[in-house]
Amino acid sequence: MRKLIIIPAYNEGMNIEATVKDIQENASDFDYVIINDCSKDDTLEICKKNNYNYVNLPINLGIGGAVQTGYKYAEKYEYDLAVQVDGDGQHDPAFLRTMAEYMETHDLDMVIGSRFITKEGFQSSFTRRLGIKYFTVLIKLVTGKKITDATSGLRMAGKNVIKLFANSYPKDYPEPETVVAVLRQGYKVEEIPVVMRARQGGVSSITMKKSVYYMIKVSLAILMEALRGKR
């Protein structure tokens, strides 16, 4: 089985070396590709210096465009599964083998790493946890499926979902919307418990103002996705 780690990276110069080292030590049976989303810091120079496998985007596409580039890469090179691991060090690669085994043994199309099943590790801020619970309720209403951590970026996709995401992926704040899209297509999705870490360096791009926009935009996108037929 060919397995790919997609690492979206925007201004992750403080974290990218530690992220790749963590992957090499704890998920050595996975290939990886860094999607440098036109970073303004030294992310690209670090990738070149260390001879990392990377794709350099000439313009900033945002998290959605960067991740979709990774799925296009996975589809082009015929990977059996692809998993997103953020470049900020929050996702622990030690869980990837467990996720892959769970996906295979349960014949799933997607596995989501959830921090809220066993409630260990970094749990995010109180306001963000409220937002996540809101999306849990909304997704359950439109799909019938309870997803405890719909904003988790640690998501593993099989070939069917790789193809779906390579063809269509939201530009920003994509996680809850794409979970709904996958479920609406009739694909099988499950969560397993993982332990996440706080950002290892740098600053999150999600401000309070963006959080309000996020809640409104994603809610509308989920409702629109629920009204669409299967593609």
In range of the label at LYS40: residues from the stretch 152-178 whose backbone nitrogen is under 20 Å from the point 7 Å along Cα→Cβ: 172-173
Over 23 Å between Cα atoms: which of LYS76/LYS145; LYS159/LYS217; LYS3/LYS146; LYS40/LYS217; LYS21/LYS133; LYS21/LYS48 fall into that group? LYS76/LYS145; LYS159/LYS217; LYS3/LYS146; LYS40/LYS217; LYS21/LYS133
Yeah, the chain with a ≥ b ≥ c from its alpha-carbon gyration tensor (a/c under 1.5 is rounded, else prolate when a/b outruns b/c, oblate otherwise) is rounded
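Would you mind classifying the stretch 27-127 by shape? Square roots of the alpha carbon gyration tensor eigenvalues, ordered a ≥ b ≥ c; an a/c under 1.5 is rounded, otherwise it is prolate if a/b is larger than b/c and oblate if not.
Details: a/c = 1.89, a/b = 1.33, b/c = 1.42.
The shape class here is oblate.
Highest first, please rank the peptides 178-184, 96-102 by the mean number of other Cβ atoms sitting within 10 Å of their residues.
On the way: 178-184: 23.0, 96-102: 17.9.
Listed from highest to lowest mean packing, they are 178-184, 96-102.
What are the membrane-span-like helices in the chain by this rule: whole DSSP H runs, Cα extent along the axis at least 20 Å, mean Kyte-Doolittle hydropathy at least 0.0? Intermediate values should be presented prior to the final figure.
On the way: long enough: 62-76 (21 Å, -0.49); 126-143 (25 Å, 0.77); 208-227 (29 Å, 0.93).
Going by DSSP H runs, the hits are 126-143, 208-227.
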CD proxy, 222 nm, the chain: helix-only mean residue ellipticity via -39,500 (n - 2.57) per DSSP H run with n ≥ 4, per residue, nearest 500, stands at -13500 deg cm²/dmol
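For the stretch 3-227, what is the charge dipole size about the Cα centre, in debye to the nearest 20, if Lys and Arg each add +1 at the Cβ and Asp and Glu each add -1 at the Cβ?
Taking the Cα centre of the stretch 3-227 as origin, the dipole is about 860 debye.
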How high is the relative contact order of the stretch 3-227, given as a whole-number percent (alpha carbon pairs under 8 Å, six or more residues apart)? 25
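We did not get these values from a lab; they are worked out from the coordinates using the rules stated. In this text, all values refer to a predicted model and were calculated from it rather than measured experimentally. Quick reminder, even Gly has a Cβ in these numbers, built from the backbone with ideal geometry, and neighbours come from all protein chains shown.
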